[in-house]
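A short write-up of the structure that comes next.
The values are calculated or read from the model by the stated rules, or taken from the named source; none is laboratory data. Please read these numbers as outputs of a predicted model, since none were measured by experiment. Backbone-built Cβ (ideal geometry, glycine too); neighbour counts: all protein chains shown.
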Amino acid sequence: MWLLLAIILHSSFLIPHSTKAQDFVRRPPDLDRLTQELFAEIQSDQVPFEDLYETLLQYYTTPINVNTATREEFRSLLLLNENQITTLLRHRDTNGDLLSVYELQSIEGYDLRTIHRILPFVSVLSSNVNAGRGSLWQRIAREENNALYLRYERVLQERKGYTPPTLFQGRPTTRYLGSPDKMLIRYRVSHTKDFSLGFAMEKDAGEQLTWNPKNGQFGADYVSAHFLVQERGRLKTLALGDYQLQFGQGLLLSSGLGVGKGAETITTLRRSSVGVRAYSSLLENTFFRGGAATVQVAPTVQATAFASHKNVDANLQQAQDSLAQFDEFTSGLLYTGFHRTASELANRHQLNETIGGGNVGYTSRNSNLSIGATGVYTHYGTPLLKRAEPYNRYEFSGTDNLALSLYYTYVWRNLLLFGETARSSSGGLGTVNGLLASLGPTVDAALLVRHYDKNFHTLYGNAFSENTRNINETGVYIGLKVRPVARWEVSAYYDQFSFPWLRYRASAPTTGHDALVRLAYSPTKTSLLYAQLRQRLKPRDLPSDGVIRPVPLPGEQLRQSVLLYYNSAISPALEMRTRVQASRLRDDPGLAWRRGYVLAQDLSYQVNRVLKITGRYALFDADDYDTRQYVYEQDVLLAVSIPALYGQGTRVYGIAEIRVNRAITLWLRYAETRYRNQNTVGSGLEEIAGSLRGDVKAQLRVKF
C-alpha cells in the first residue's frame, strides 16, 4: 500500500565496468516508496500522478548521464538539492568525467542515502557516448531499450452500463456502446540524449473499437505517437507528433515534472526548464500535437519554437438569445477522455485547438544564471463561455489568448533564487518567486511567494499553487528540512494562502492554510519509519441544510490527518510495509467531525529470479465521500492505481511478476474491494449489484 517513489538500492548491486565509463545493474525504481517521500499525502484524484510516474519511468529507461547532464536536468530529478548539484558540477569541471558511480561517494553532500535514491535515474557514461554508434536508423535498430507492452483489464462484476437498456418515459435508457474490456498497446525505443520513437493505442472500458479515419478514429479511441531526436549539432531537439514543454517555473508551460507541496519540502518547489520532451503517457489532454524544435543560436543561448493543432473534447451549445455574445460556444473543455456513451461520443474532438509559441533562454557559462522569455498563443475554433455563475465572472472567454512570461534562476553561494512572471491577454498577471537555501550541511530552508490574478489565464501552465489552476490565488510557503543526527530527518512546511475572488463551492473570498511536519528515521539502509501530521484549512460553502441564506458564507472546513509508515526488508527476498492513515474533517466550528482511516499491510517476496509476488490487505472505514482515503497501490509496470476508499470494507490485491526469459515479462494482477452494509457498489452506469467489486489485469512486455 504505498508510497511511490524512493529507492533502496544496495551497493552490492553495483558492478564496476572496466572501460572508460562505468555501468551497473540497476533495479527498477521503488516508485511506491519514492512517491511517499515526494508527496505529503494523496488527497485528490485530480493530480496527474500518471504523468509524474511516466516521467520518472522515462528517467529510468533513459537515465541522465552524470557526465553530460546540465544543472536543469539534475534539478528535474527532484531528488538533489542545489548544493549537491553545485558540488557535482564543480567536481566534474575539476576532475573530468566520472569513471565510476562509486566516485559519487567522494563528492561533498553525497551520502549513501542520496546515492541510492538517484541510482535508478542516472548513468555514468563517457561524454561522447553516441560516437561511433552508426547512423540514427542503425542506432534505433540496435537499441536495447526497446519494448512492446500489451495490457488487458476488466471489472469482473457486471455494471449497469453494460446491461440491456430499459425504457424510461418511452425512451431507451443510456448504456455504454462498447465492451467492458480495457486494452492497451504501447511501444517505445529510446536512448538518452539521442532519440525516442514510440506509439500508444488505448481503448477504455465501455468504448468501441471503431475505424473511421475521417473522425480521427483508428480502431482504439486514443492513439498517440512521437518521434524525437536530440544533439544534432546546433539542433538540440526536434520533436514530431505528441510532445510536452516545460520552461521557467511552469507558469505558462508545464509537463509532468511538477509535484508541489509534499513531504519533500525543499527540492520539489522549483521547476526546471527541460524544454521539449517526448510524450508517451495515456492522459488524453496534457500534451501538444505537432512539432517543436530547439536550436543553439549561440554558446549560451537556445531558442525553441513550437506549433500544435488537435481537436479536444467539448460540449458545443447554440445561443438561445439572438443578442448573445456568441452564436455557438462551449462552456468548457472536457478532460475525462471517456467516449463510452452516445453523449460522450457527441462531445468527442468537437473543439479545434491551435497553439503556437516559442522560448528564448540564456544560461551563463558557469550555469549559475539562467534567464528566459516564453510566449504562448492559443486559438479555439469555437468560443469558450463559462456558465453565468458569479465565480466564473473572470474566467477565460472567447477564442484567443496570448500569454507572455519572463523567468530566471540564479545561484549565489548556497542560495538559489528563481521565479517567473507572466501576463495574459486579459491583462491579468501571475508571478511566482522563491528562494532555496542550504543553511548548513544538515539544514535546508525554502521560501516561495506567488500571486495569480483572478483574470490571469494560462491554459497549459501548472506552477506551484493550492488550486489545481494558476488563477485567483495569493500565498506564501515556508519549508524546512533538518537532519539533526545520522539516520534522522525532520521536514516541515507552512503555507498561507488566500483567494481574492469567489471559487466553485466558495461564495465569498476566503483564506486558509496548510501545514505539515514529518519525523523520519532510517535504522538501516533497507528500512524506513516515519510519522506525519498535517492540517489543512480551506473554506468552502457549508452543505445545504434546507435553510435559505441571503448571502451564503463559506464554512471553515478543517482537515487533520495522521500517517504512520514502516518499511523494512526482512531478508533480501522479503519486504514488508505497514501503513496507518487516518483523517478527520469538520465543515465549521461547532459541527461534528467526520472521520476516515485505512490500515494496510503489504508483503513482497522474490520467490526466485523468475517470480516475484506482491500483495496487500487493507481495512478502511470512512464516514462519507468527503472523508475518503487515497492510498497508492503497486501495479503492473507503467500503470498507476490510487483508488478512493470510503464506506466500510476491505481492499485486497496481489501481483505476480513472471520473467519468462530475458525478452518476455508477464504481470498478472487481481484486486477487489468488499463493502460492509452495502447492497450496491458505485453509482450511475458504474453501479454494481452486490457488495463486491473485483478486477483483473494482465500485461505482457516483449523486449527486442
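Okay, here's what the table says:
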{"read-out": "Residue check, R154 out of contact with any His (no Cβ under 6 Å at 6 or more places or on another chain), outside the structural domain of D93 (by TED's automatic domain parsing), in a loop (DSSP other than H, G, I, E, B) and surrounded by 15 or more Cβ atoms within 10 Å (Cβ to Cβ)", "value": "no"}
{"read-out": "Restricting the range 427-464 to residues that are under 16 Å from A403 (Cβ atoms) and among the polar types (S, T, N, Q), the residue that is surrounded by the fewest Cβ atoms within 10 Å (Cβ to Cβ)", "value": "N455"}
{"read-out": "Count of the range 623-681 residues which are over 24 Å from R577 (Cα atoms) and under 25 Å from the mean Cα position of the chain (by Cα)", "value": "2"}
{"read-out": "Unmet criterion (only one of (1) on the phi < 0 side of the Ramachandran plot; (2) outside any strand (DSSP E or B)) for E420", "value": "(2)"}
{"read-out": "Those residues of the range 664-690 which are of a type in the set (G, A, S) and at positive phi, in sequence order", "value": "G682, G684, G690"}
{"read-out": "The lone exception for G109 - which of (1) assigned to a helix (DSSP H, G or I); (2) more than 24 Å from the chain's Cα centre (by Cα); (3) not β-branched (V, I, T) it fails", "value": "(1)"}
{"read-out": "The range 502-527 - residue that is farther than 20 Å from L480 by Cβ and charged (D, E, K, R) and, of those, modelled with the highest pLDDT", "value": "R503"}
{"read-out": "Set R289, R365, R340: member being crowded, with 19+ Cβ neighbours inside 10 Å, part of a loop (DSSP other than H, G, I, E, B) and at pLDDT 85 or above", "value": "R340"}
{"read-out": "Some residue of the range 178-189 being surrounded by 15 or more Cβ atoms within 10 Å (Cβ to Cβ), over 26 Å from T665 (Cα atoms) and without any contact (Cβ under 8 Å) to a residue 60 or more places away in the chain", "value": "yes"}
{"read-out": "Within the range 188-286, strands (runs of 3 or more DSSP E) holding 1 or more residues that are of a type in the set (D, E)", "value": "195-203, 222-232, 235-246"}
{"read-out": "Filter result for the condition that a residue is touching a Leu at 6+ places or on another chain (Cβ under 8 Å) and not assigned by TED's automatic domain parsing to the domain that holds T378, over A445, A492, A463", "value": "A492"}
{"read-out": "Filtered residue count, the range 487-531, keeping only those that are more than 24 Å from the chain's Cα centre (by Cα) and in a loop (DSSP other than H, G, I, E, B)", "value": "13"}
{"read-out": "Considering residues of the range 594-614 that are crowded, with 16+ Cβ neighbours inside 10 Å and among the hydroxyl-bearing types (S, T, Y) only, the residue nearest to Q581 (Cα to Cα)", "value": "Y597"}
{"read-out": "Of all residues making up the range 621-656, the number that are out of contact with any Gly (no Cβ under 6 Å at 6 or more places or on another chain) and in a strand (DSSP E or B)", "value": "15"}
{"read-out": "Residue within the range 132-148 that is modelled with pLDDT of 90 or more and touching a Leu at 6+ places or on another chain (Cβ under 6 Å) present", "value": "no"}
{"read-out": "Some residue of the range 381-401 being surrounded by 16 or more Cβ atoms within 10 Å (Cβ to Cβ), under 20 Å from S273 (Cα atoms) and touching a Leu at 6+ places or on another chain (Cβ under 7 Å)", "value": "no"}
{"read-out": "So A618, is it at pLDDT 95 or above and buried (at least 16 other Cβ atoms within 10 Å of the Cβ)", "value": "yes"}
{"read-out": "Yes/no for L459 being under 23 Å from the mean Cα position of the chain (by Cα), touching a residue at least 12 places away in the same chain (Cβ under 8 Å) and not in a strand (DSSP E or B)", "value": "yes"}
{"read-out": "Long-range neighbours under 6 Å by Cβ, at least six apart or interchain, first residue within 20 Å of E473 (Cα to Cα) and outside the structural domain of Y477 (by TED's automatic domain parsing) within the range 499-521, second among the aliphatic types (A, V, I, L, M) and part of a strand (DSSP E or B)", "value": "G512/L537; H513/L537"}
{"read-out": "The range 602-630 residues that are farther than 15 Å from S561 by Cα, paired with ones that are acidic (D, E) and part of a strand (DSSP E or B) (beta carbon under 6 Å, 6 or more apart)", "value": "S604/E575; K612/E657; R616/D602"}
{"read-out": "Residue count, the range 368-386 (criterion: of a type in the set (A, V, I, L, M, F, W, C) and in a loop (DSSP other than H, G, I, E, B))", "value": "1"}
